[in-house]
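First comes the structure, then the notes that go with it.
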Amino acid sequence: MSAARGGWLRWYVGLYLIFLYLPVALIPLFSFNDSIQAAFPLKGFTFGWYETLIGNETLTGALVTSVSVGLAAAVIATLCGITIAYMDTQVRSPFAKLISAIARLPILIPGVVVGISLLILVNLLGFGPSRLAIVLGHVLVCLPTTVIIMRGRFASIPRSIPEAAEDLGAGELIIFRRIMLPLALPAIGSAFMLAFLTSFDEFIVAFFLAGTQPTLPLYIWSQLRFPKSLPTVMALGTVILAVSIIIAGCAELLRQRGLSRSTSSSA
């Protein structure tokens with residue numbers, strides 16, 4: 001009976017993965033198709049759509065905006081995530097737990113609600129939709145990711161390590177800077193990369209907060225109105241997909257390295 005259940009489970013997981021990733025796999029396939037129509041049979045093989053990406057000033061400007069916004073949002077969100085997670089797991093006060101819960105709350109709020117709320121806020125503050133507004137919005141969006149990753153890492157560090165440092169006369173700041181941060185360094189790198197990836201791919205909040213400098217997802221959305229631009233969009237999507245997989249893979253490797261370091265230190 002258990003073998004039959006395992007067989008059905010494998011079939012279910014396999015069909016689910018096909019349903020989830022087959023549409024994504026079609027994007028690279030049609031990006032090499034020598035036709036503006038995304039349909040079978042394929043007309044031929046070409047790199048022409050990728051060549052159109054080179055020298056596109058509007059695309060370059062959107063890419064620079066996305067990278068600069070992503071880096072700024074990832075740095076701020078990672079620093080905030082480190083602080084909030086450390087206070088939650090090490091101080092363990094009711095106030096720290098409340099702040100940690102509030103920081104993770106945006107992951108449960110619809111993006112449209114967050115975008116509209118932030119648009120009203122930046123208008124009240126006087127600087128309106130702009131690159132700064134996107135950075136602030138993306139910090140809010142990326143913060144749950146960094147808090148969850150750093151919270152898990154700090155919680156996995158054995159309490160005996162900081163307690164031993166306290167017995168040797170180390171203060172809280174020394175313990176944080178000389179012990180906890182080095183042990184959490186792989187998780188910090190993982191949190192930063194995933195925060196950057198979240199910001200780089202985010203569309204809804206950027207849609208409400210972008211001014212005259214659109215991000216790369218907004219540029220892609222604007223091009224979808226023109227049928228002749230569809231192959232170029234698929235070529236660009238393929239490049240973004242490849243880069244996203246690489247960044248996510250590096251983040252996972254760093255996370256696994258941190259877990260293995262935690263296991264060895266506790267042993």
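The values are calculated or read from the model by the stated rules, or taken from the named source; none is laboratory data. Since this is a predicted model, take the numbers as computed values, not measurements. Side chains included, ligands, DNA and RNA excluded: accessible areas come from the protein's heavy atoms. Shrake-Rupley method; radii C 1.70, N 1.55, O 1.52, S 1.80 Å.
Summary of computed values
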read-out: Of all accessible heavy-atom area on segment 1-119, the percent that carbon and sulfur account for (1.4 Å); value: 76 percent
read-out: Shape of segment 6-81, Cα gyration tensor, a/c cut at 1.5; value: oblate
read-out: For segment 160-228: rounded, prolate or oblate by the Cα gyration tensor [a/c cutoff 1.5]; value: prolate
read-out: Coarse-grained scattering of segment 144-267 at q = 0.10, 0.17 Å⁻¹, given as base-10 log I(q)/I(0) from a Debye sum over alpha-carbon atoms; value: -0.48, -0.90
read-out: Candidates Thr52, Thr212, Thr60, ranked by Gaussian network fluctuation over the chain, Cα under 10 Å, top entry; value: Thr212
read-out: Computed [θ] at 222 nm, helices only, for the chain once each DSSP H run of length n ≥ 4 contributes -39500 (n - 2.57); value: -24000 deg cm²/dmol
read-out: C-alpha center-to-center spacing [segment 162-193, segment 1-63] in angstrom; value: 43 Å
read-out: Accessible solvent surface per residue of the chain, calculated while the other protein chains remain in place, 1.4 angstrom probe, Å²; value: 57 Å²
read-out: Rounded, prolate or oblate (a/c below 1.5 giving rounded, otherwise prolate when a/b exceeds b/c) for segment 41-86 by Cα gyration tensor; value: oblate
